[in-house]
Amino acid sequence: MNKFRLILAIAVGKILILFSRLMGNQGSNFPGKMARRIYPGILQQLAARITGKIIIVTGTNGKTTTSNMLARIIKQTGASLVHNQAGANMIPGITTAFIAATGMTGRKRFDYALLETDEANVPLLLKEVKPGLILITNFFRDQLDRYGELDYTVQVIREAVKGKAIDLVLNADDPLTAYFRDLTAVRCWYYGFAPGSYGSRESRESREGRYCVICGQELQYQCYHYAQLGKFSCPGCGNHNPGMDFTGHGLVMHPALELRVDDMLLNSPYQGFYNAYNIVAAVSAARLLGIEPRHIQKAIADFRPEAGRMETFVINGRPTILILVKNPTGLNQSLAAVIEDQGVKNLFFALNDQVADGRDVSWIWDADIEAIETDRKIKQIICSGIRSGDIALRMKYAGYPAEQLVIKSNLKEGIEYLSGLTGEINYVLSTYTALFACRKILLGLQKRSAAPAGKVPVRG
Amino acid sequence: MADFNIVHMYPDLMNLYGDQGNLICLQKRLQWYGHRGVIKDISLDGKLDYRNIDMLFMGGGSDREQGLVYRDLFRQAERLQEEIENGLPVLFICGAYQLLGKSYIGAHGETMDGLRFFDFYTRGAKDRLIGNIVITSTITGAEISIVGFENHGGRTYFEDTELQPLGRVLKGFGNNGEDKGEGISYKNLIGTYLHGPLLPKNPAVADFFIQAMAERKGITIDPILDDSIENFAHHQVKSQILGG
């Protein structure tokens with residue numbers, strides 16, 4: 001009976017996946033959701049077909065990039081893999097990924113499953129699958145997380161992993177990982193950056209993690225990497241960074257990232273310090289899986305950014321870089337990457353206030369936008385999206401000259417205007433619900449500008 | 001050029017939803033008017049030296065943090081009330097606003113004392129009042145609209161019918177979601193549930209405080225700023241709220 005329901009659920013799921021692809025849909029939660037209605041045990045059963053390890057990647061920021069890097073590394077070894085897509089990181093989306101990968105009978109075997117998982121979904125997922133390794137990128141205060149919900153989320157993950165034989169890969173620079181110390185059966189591994197790897201500009205946002213989770217005293221910092229990440233110690237109880245098992249050091253930021261994790265040299269086409277963190281996290285997990293350094297190095301060198309994670313488009317011979325922003329910490333890091341770019345540049349910012357963006361746009365005032373004040377190379381800022389006025393105001397009050405601000409609420413008009421400006425490079429920052437629309441517009445412009453001259457007028 | 005000293009009260013405890021944007025706004029506008037806005041942070045056990053204070057600002061915080069702040073403010077409440085009576089400009093948002101009343105009654109009946117400056121109380125409830133809000137107000141003499149975003153569990157009820165709300169709710173919840181009142185306005189004090197933050201998108205309210213500060217210092221300020229972006233942002237969200 002169960003076997004019949006499993007096969008029916010897989011068939012329905014596969015048909016729905018096909019339909020949603022034909023419709024050009026990004027989100028792939030629906031097929032998994034329907035399949036689970038037909039056979040609630042489907043995820044548990046398909047997950048049992050993983051012969052090697054199930055790996056969960058979670059945390060506030062960087063989980064998509066980190067899990068995609070790790071997927072690339074695993075594929076480099078020739079191993080087979082089930083891996084869910086960005087934006088489908090809750091139980092239904094994860095179920096969809098298994099249905100898409102398996103055969104009609106659900107008997108196909110895979111070496112690994114790599115599951116990017118929303119923090120709040122980790123306890124639920126652990127009821128259905130048995131991971132061998134969980135990688136946590138960091139815990140930051142998020143848009144919806146202002147009343148101590150972060151602590152609650154960390155606690156429920158802690159309760160869910162307690163007593164399970166899991167390798168837990170944690171960020172040594174994040175004070176909140178102290179919650180996971182001394183858990184029975186769980187083996188903790190720590191990665192992080194050596195002190196002095198990256199600046200210590202004090203940022204104002206995210207005070208959440210700055211208090212000791214053990215005794216509540218305010219932590220003292222020897223240096224900040226960003227937000228609450230850094231080298232800390234507690235004057236109250238002596239709690240401090242755990243010793244690192246995997247240490248990032250020797251960081252070079254330009255023209256692209258170069259760093260070492262212990263003695264392994266890595267080069268990446270990525271930019272931005274937060275991506276260096278993602279690399280250290282992915283590489284640490286890969287080392288724990290026993291993957292050879294040459295596979296890791298090759299995969300990281302070849303790995304290109306995906307949608308909204310510093311994906312590059314070439315329009316009229318100039319690069320335009322698309323970046324997803326969703327909270328103050330991520331925005332600070334994105335702006336840091338923009339400022340580190342020495343080229344003459346223009347910036348486009350699409351701010352929406354739909355549910356997936358966070359209805360409350362006040363988070364832009366918690367970000368350190370003032371950092372752009374001294375960057376004379378930003379020639380214009382185009383403000384777009386449903387709340388174009390709010391982001392324009394934020395820029396103005398951050399000290400950016402009002403006469404260089406342009407408001408174009410319509411995304412297409414705004415991006416076309418951006419593409420017509422002079423400069424060496426353009427940056428497109430977008431909140432979630434405008435991201436895929438921006439990407440589509442950029443792809444269109446890229447295609448048009450690549451067409452042979454004379455056929456299509458490039459600039460009207 | 002004069003220095004305008006604005007005290008940010010308990011920034012480490014009371015600072016939610018971009019509320020510090022209000023200070024960024026005041027500081028920038030003062031600079032554009034040719035003066036200097038100096039922000040001073042005061043936290044627990046700090047002393048308020050009113051000879052050098054032109055305005056007080058406090059944002060919202062969680063219950064635990066509000067309790068700490070209440071105990072600290074209570075020891076200097078008398079002087080603070082005197083300064084408010086004398087017209088000190090004060091902006092208290094959300095949790096800070098609630099502290100000005102008689103009490104906060106939690107969802108399970110537990111009562112936290114307030115500073116009792118005004119005859120109102122706040123009752124906590126589980127479901128929070130969240131969303132964009134637009135109100136009309138006459139604090140500047142003319143009728144203006146004020147836009148913001150509210151997110152509060154507490155419902156505030158005025159017991160003294162003489163108390164003036166900051167404005168009337170056009171769309172949103174306001175003090176309690178029932179009587180259409182939002183916030184409180186008393187001399188140069190404003191208490192309100194509006195985040196967003198409040199001042200950048202409502203330049204008339206920002207200038208209300210700047211004018212009040214200037215007047216107390218014997219300085220004249222001509223409202224000469226180009227507020228086209230401010231007004232655009234204001235009307236953009238206002239039309240979305242009223243249209244939706």
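Applying both filters, DSSP loop and at most 10 other Cβ atoms within 10 Å, to the trypsin sites (Lys or Arg not before Pro) of segment A:312-380 gives A:R376. For chain B, the relative contact order is 19 percent, taking Cα pairs closer than 8 Å that sit 6 or more residues apart in sequence and dividing their mean separation by the residue count.
Annotation: amide H of B:L170 within the under-5 Å range of B:V134, B:I135, B:T136, sequence separation 5 or more or interchain, hydrogens built in the peptide plane.
Remark: segment A:56-70, residue by residue, has Karplus-estimated 3J(HN,Hα) of 10, 10, 9, x, 6, 10, x, 6, 5, 4, 4, 6, 5, 5, 5 Hz, where x stands for each Gly or Pro and the curve is 6.51 cos²θ - 1.76 cosθ + 1.60 at θ = phi - 60°.
Calculation over all alpha carbon pairs of segment A:312-390 in 10 angstrom steps from 0 returns a P(r) of 16, 51, 28, 4 percent.
When cysteine pairs in chain A are screened for C-beta atoms closer than 4.7 angstrom, the residues that find no partner are A:C188, A:C223, A:C383, A:C438.
Residues of segment A:389-416 buried by at least 50 Å² of accessible area upon assembly of all protein chains, compared with the chain on its own (1.4 Å probe): A:L393, A:K396, A:Y397.
For chain B, carbon and sulfur atoms together expose 47% of the accessible surface, with a 1.4 angstrom probe and every protein chain in place. Using Cβ point charges alone (K and R +1, D and E -1), the dipole size of segment A:309-450 about the Cα centre works out to roughly 580 debye.
Under the convention that each Lys and Arg Cβ holds +1 and each Asp and Glu Cβ holds -1, the size of the dipole of chain B around its Cα centre is about 280 debye.
Projecting the Cα positions of A:L6, A:L18, A:Y179 onto the charge dipole of segment A:2-302 (unit charges on Cβ atoms of Lys, Arg, Asp and Glu, taken about the Cα centre) puts A:L6 furthest along the positive direction. Computed from backbone phi with θ = phi - 60° and the Karplus coefficients 6.51, -1.76 and 1.60, the 3J(HN,Hα) list for segment A:333-339 is 5, 5, 5, 4, 5, 5, 5 Hz; x is used for glycine and proline.
When Lys and Arg each count +1 and Asp and Glu each count -1, what net charge do the other residues less than 14 Å away from A:I441, Cβ to Cβ, add up to? Intermediate results must be reported in sequence, preceding the final value.
Working: positive: A:K408, A:K412, A:R439, A:K440, A:K447, A:R448; negative: A:E311, A:E413, A:E416.
Residues near A:I441 contribute +3 overall.
Over segment A:2-302, all Cα pairs binned in 20 Å intervals from 0 give whole-percent P(r) values of 33, 56, 11, 0, listed from short to long. What chain B shows is 41 Å² of accessible area per residue, with the surface traced by a 1.4 Å probe over protein heavy atoms.
Surface composition of segment A:2-302: carbon and sulfur atoms hold 52% of the protein heavy-atom accessible area at a 1.4 Å probe. Based on a Kirkwood Rh over C-alpha pairs, give the Stokes-Einstein translational diffusion coefficient of the protein assembly as shown at 37 °C and viscosity 0.692 mPa s in µm²/s. Result for D is 120 µm²/s.
Shown for chain B are the DSSP H helices of 18 Å or more along their axis, judged by Cα atoms, with a mean Kyte-Doolittle hydropathy of at least -0.5: B:203-217, B:228-243. Bridgeable lysines around A:K53 (alpha carbons under 19 Å apart, same-chain partners fewer than 8 residues away excluded): A:K63, A:K75, A:K108, A:K127, A:K130, A:K162, A:K164.
To the nearest 100 Å², how much accessible surface do chains A and B cover up together, summed over both, with a 1.4 Å probe? Intermediate values should be presented prior to the final figure.
Numbers: alone 19410 and 11220 Å², together 27970 Å².
So the buried area, both faces added, is about 2700 Å².
Here's how it looks for A:Y211: its modeled amide H is under 5 Å from those of A:L219, which are all 5 or more places away or on a different chain. Rolling a 1.4 Å probe over the heavy atoms of the protein chains gives chain A an accessible area of 39 Å² per residue.
Converting phi to 3J(HN,Hα) with the Karplus coefficients 6.51, -1.76 and 1.60 and the offset θ = phi - 60°, segment A:8-13 yields 5, 4, 5, 4, 4, x Hz in sequence order, with x at every glycine or proline.
Distance from the C-alpha centroid of segment B:39-81 to that of segment A:264-281: 44 Å, rounded to the whole angstrom. Put a dot 7 Å past the Cα of B:Y157, heading toward its Cβ, do the same for A:H249, and the two dots end up 6.5 nm apart.
Evaluate the Kirkwood expression for the hydrodynamic radius of segment B:3-243, namely the inverse of the mean inverse distance over all pairs of different C-alpha atoms, and round to one decimal in Å. Kindly include the intermediate steps, with their values, before the conclusion.
Numbers: mean 1/r = 0.0559 Å⁻¹.
About 17.9 Å, per the Kirkwood formula over Cα pairs.
Charge tally around A:A185: other residues with Cβ under 15 Å, Lys/Arg +1 each, Asp/Glu -1 each, net +3. The helix-based estimate of mean residue ellipticity at 222 nm for chain A, built from -39,500 (n - 2.57) per DSSP H run of four or more residues and divided by its residue count, is -10500 deg cm²/dmol to the nearest 500. Backbone amide hydrogens, once placed in the peptide plane, bring B:I184 within less than 5 Å of B:L166, B:G191, B:T192, excluding anything fewer than 5 places away on its chain. Only one residue of A:I321, A:I407, B:S43 has its Cα farthest out toward the positive end of the dipole of the protein assembly as shown, where Lys and Arg carry +1 and Asp and Glu -1 on Cβ, and that residue is A:I321.
The values are calculated or read from the model by the stated rules, or taken from the named source; none is laboratory data. Keep in mind the model is a prediction, meaning the values are calculated, not measured. Every residue, glycine among them, receives a Cβ derived from its backbone with ideal geometry; neighbour counts consider all protein chains shown. Note: areas computed on protein heavy atoms with side chains; ligands, DNA, RNA excluded. Shrake-Rupley method; radii C 1.70, N 1.55, O 1.52, S 1.80 Å.
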